[in-house]
Amino acid sequence: RRPPTVICYICGREYGTKSISIHEPQCLKKWHQENDTLPKHLRRPEPKKPEVSSIQAKGFYDLDTLNEAAWTSAQNQLVPCDVCGRTFLPDRLIVHQRSCKPK
């Protein structure tokens, strides 16, 4: 059985329950640095940590609900291509648009 993991609401990657609290501030700092270097039309508002208040009877958070909300938040950070509609992180969209041709 795999150890329980938590999905980062910023980048969408999985981290252990102990290391997510270390990762999130660093990920948010990196997100701000990358967002500030983007052209103005691709800049996004800061991602908000999803509020999950469903605590189980034992006093623990429901990891499945928390992970679902975090995954949705991470997916909402993606930007669609104007030509093909695929979604990318804003810095990767610039690279994609160089080779994306209308059919």
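Amide H to amide H, with H built 1.01 Å from N, residue 13 comes under 5 Å of 8, counting only residues 5 or more places away or on other chains. Within the same chain, lysines fewer than 8 places from residue 101 are excluded, and of the rest, those with a Cα less than 24 Å from its Cα are 40. For the chain, averaging the sequence separation of C-alpha pairs within contact (under 8 Å, six or more residues apart) and dividing by the residue count gives a relative contact order of 26 percent.
Summary value for segment 1-54: 29 percent relative contact order, contacts being C-alpha pairs under 8 angstrom separated by 6+ residues.
Net charge within 12 Å of residue 79 by Cβ-Cβ distance, Lys/Arg positive one each and Asp/Glu negative one each, not counting residue 79 itself?
Working: positive: 43, 44, 86, 92; negative: 82, 91.
Here the charged neighbours net out to +2.
Computed over neighbours whose Cβ is under 15 Å from that of residue 90, the net charge equals +2, Lys and Arg +1, Asp and Glu -1.
When the Cα positions of 16, 39, 69 are compared along the charge dipole of segment 5-78, 39 comes out farthest toward the positive end, with charges on each C-beta of Lys, Arg, Asp and Glu.
For the residue pair residue 17 and residue 97, what label-to-label distance in nm results when each label sits 7 Å from Cα along the Cα-to-beta-carbon direction? Once both label points are built, they end up 4.3 nm from each other. Ellipticity at 222 nm from helices only: DSSP H runs of n ≥ 4 in the chain, each -39500 (n - 2.57), divided by the residue count, give -13000 deg cm²/dmol.
Read-outs: derived from the displayed coordinates by stated rules, not from any lab. None of these values were measured; they are calculated from a predicted model. All Cβ positions, even for glycine, are placed from backbone atoms using ideal geometry, and neighbour counts span all protein chains on display.
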